[in-house]
Each structure stands twice: as C-alpha cells, then as structure tokens.
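The values are calculated or read from the model by the stated rules, or taken from the named source; none is laboratory data. Just so it is clear, the model here is predicted, and its values are computed rather than measured. FYI the Cβ positions are ideal-geometry reconstructions off the backbone, even for glycines, and counts take in every protein chain you see. Remember, those area values only see protein heavy atoms, side chains included, never the ligands or the DNA or RNA. Shrake-Rupley method; radii C 1.70, N 1.55, O 1.52, S 1.80 Å.
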Amino acid sequence: MFKQLVLGATTAGDTIVVLVSFLLLMVLLKKFAWKPLMNIMNQREENIASNIENAEIAKNEAERLAAERQEKLDKTRAESASVLNRAKVSAESAEKELLDAARHEAIRLKKDAKKEIENERQMAMASVRNDVSLLSIQIAEKLISKELTNEGHAELIDKYLERLADTNEIK
C-alpha cells in the first residue's frame, strides 16, 4: 500500500486511469465548454467584422460628404468670383456711362456758350450797325442842312470816328 504512494513510480493502471480521466475531461470540456466558447468566439468575430464593415461604410460616407462639401465650396467660390466680376464690369460700365454723360454735357454746355457768345456778338454787331446807320443818317442830315468844305468834311469824319470809338468803348 505504501508502495503505491511513492512518488516517481508509475504503473500501467495509473496510466490508464489518468488517460481515461483525461479523455473523459476532454469529452466533457468539448461538450460543455468548447461549443459555447466557440459560439462566443464566432459571435465576437462576426461582431468585429460587422463593426469593421460599418466603419468602412461610415468612412466612405464621410469621404463622400467631404467631397460633396468641397464641391459645393468650390461652386460657391466660383459663383462669388462670377458675381464679383459682374459687379466689377457693371461698375466699370456705369463709370464709363457717367464719364460719357459728363463729356456730352460739357460739350453741350460749350456749344451753348458758343451759341450765346455768337448771339451776343450778333446783337453787338446789329447794335453797331444800328449806331452806324443812325450816325450816317445824322451825318447825312447835317450834310444836307449845310454845305461842307473839305475842312468841314474832315472835321465831320473825325467827329464821326470819335463817336464810333466812344460807342464801342461803352459797349
């Protein structure tokens, strides 16, 4: 009896008992532990695969949204540049129109001033003609009323020229 408790000595019966116990333990582990453990591992694997797939879908969606946002941003920039260019062209056009209108107004005012000056000159010439006519009539009346000599004639012409000079200085 004590021989069997000795360490280090193994018998064939001990080996068979250990082997049968081990096989029984393996069958029990396979039946009660291995299948549930494998089911848990398979569920975990499926869960991880699902998470990876969802992450990939989310990544693709984020990339699509980023590309869409960038496209909208580029479109908005292009539209704002277009609006700025149209505003610049419109402002330049308005400036040109205003300058042209100012030039035309200046030309019109210049023409009006020239016409007014010409009218004033015509009126002055008419006045001078009228004065000359009056003076000629007065001279003719004086000539008719008295007979002139060469000296009287020269004196009358000098007086006429003085009156004409005085009349031009007044106007």
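Its Cα centre serving as origin, the stretch 1-93 has a Cβ charge dipole (Lys and Arg +1, Asp and Glu -1) of approximately 260 debye.
Considering only protein heavy atoms and a probe of 1.4 Å, how much of the accessible area of the stretch 6-55 is carbon and sulfur, as a whole percent? Whole-percent figure for carbon plus sulfur exposure: 71. Placing +1 on the Cβ of every Lys and Arg and -1 on the Cβ of every Asp and Glu, with no other charges, gives the stretch 80-144 a dipole of roughly 180 debye about its Cα centre. Within straight-line reach of K59, meaning a Cα separation under 25 Å, sit the following lysines at least 8 residues removed in sequence or on another chain: K72, K75. Taking all protein chains into account, the per residue accessible area for the stretch 1-131 stands at 93 Å² (1.4 Å probe). What is the sum of charges around A55, taking Lys and Arg as +1, Asp and Glu as -1, for the other residues whose C-beta is under 13 Å from the C-beta of A55? Local charge sum for A55: -3.
Straight-line cross-link reach from K159 at under 17 Å between alpha-carbon atoms covers these aspartates and glutamates, not counting any fewer than eight positions away in the same chain: D131, E141, E147, E151, E169. Kirkwood analysis of the Cα pair distances in the stretch 22-153 returns a hydrodynamic radius of 27.1 Å.
Which of the listed residues, L65, L25, S82, is farthest toward the dipole's positive end in the stretch 10-157, when Lys, Arg count +1 and Asp, Glu count -1 at the beta-carbon? Selected residue: L25.
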